[in-house]
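Everything on this sheet refers to the single structure shown next.
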Amino acid sequence: MNSSDLLRFLKARSSVRDYSGEPLDPEDIDYILACASTAPSAGNREAWDVVIVTDEDARIELALAALEQVHIREAPAVFVVCANYIRSMSHYGERGILYALEDATIACTYMMLAAHARNLHSCWTGAFNENDIREILHLPEHIRPVALLAVGRGTPPLKPVERMPVEEHAHRENW
């Protein structure tokens, strides 16, 4: 893949909130997880974990916890990406909290791109009641849910999402 191919690949990905409900193949889930396991992490601590939720009743509960966002219920799989504070804090102390959050978000990004590479669609969701997610999934106290990644076969938007010009984000040498 050259740089033009990568940019084209990235521009072709979009958040999808309309899913067919067709189950994912186990190979797709394994591929997404294998890609996530290659994500860089602070000190190679890999301070993230993921709960893969395919059960319909559990997805309904997750959707309710995610402010009733329907795509969480409709996607055949939801990857609940979590920061694992203990894994990072045991090495970095208090700063490990930030590193665990970063590790989880990088891993989730890799999952999202891996789904795209398998011709699947996804939607990163950050709006949810954290305590409800903890309760639904029986998460230990040192685990913090960071993102719900809905994955499945869906209907992408008809036109690309407009993005801000790069110049609005980039500051060279100083602000």
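One table, with the values for the structure above:
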quantity: For region 35-103, size of Cβ-based charge dipole, Lys and Arg +1, Asp and Glu -1, in debye; calculated: 320
quantity: With at most 10 other Cβ atoms within 10 Å, longest stretch of the chain clear of loop trypsin sites (Lys or Arg not before Pro) (DSSP); calculated: 1-162
quantity: Average Cα contact separation per residue, the chain, under 8 Å, 6 or more apart, as relative contact order %; calculated: 32
quantity: All-pairs alpha carbon distance profile, region 97-146, 10 Å steps from 0, percent; calculated: 22, 44, 30, 3
quantity: Distance cut-off 25 Å, percentage of C-alpha pairs in region 1-130 lying past it; calculated: 30
quantity: Solvent-free Debye scattering, log10 I(q)/I(0), computed from the Cα coordinates of region 61-175 at q = 0.11, 0.15, 0.19, 0.20 Å⁻¹; calculated: -0.47, -0.81, -1.07, -1.11
quantity: Between region 1-23 and region 145-175, the Cα center-to-center distance that results, in Å; calculated: 11
quantity: Surrounding net charge for Arg118, when Lys and Arg each add one and Asp and Glu each subtract one, Cβ distance under 15 Å; calculated: -3
quantity: Percent of Cα pairs exceeding the 18 Å cut-off, where the set is region 29-87; calculated: 44
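Every number in this text was worked out from the coordinates using simple rules, so none of it is lab data. Since the structure is predicted, the reported quantities are computational estimates derived from the model, not experimental observations. So basically every Cβ, Gly included, is an ideal-geometry build from the backbone, and we count neighbours across all protein chains shown.
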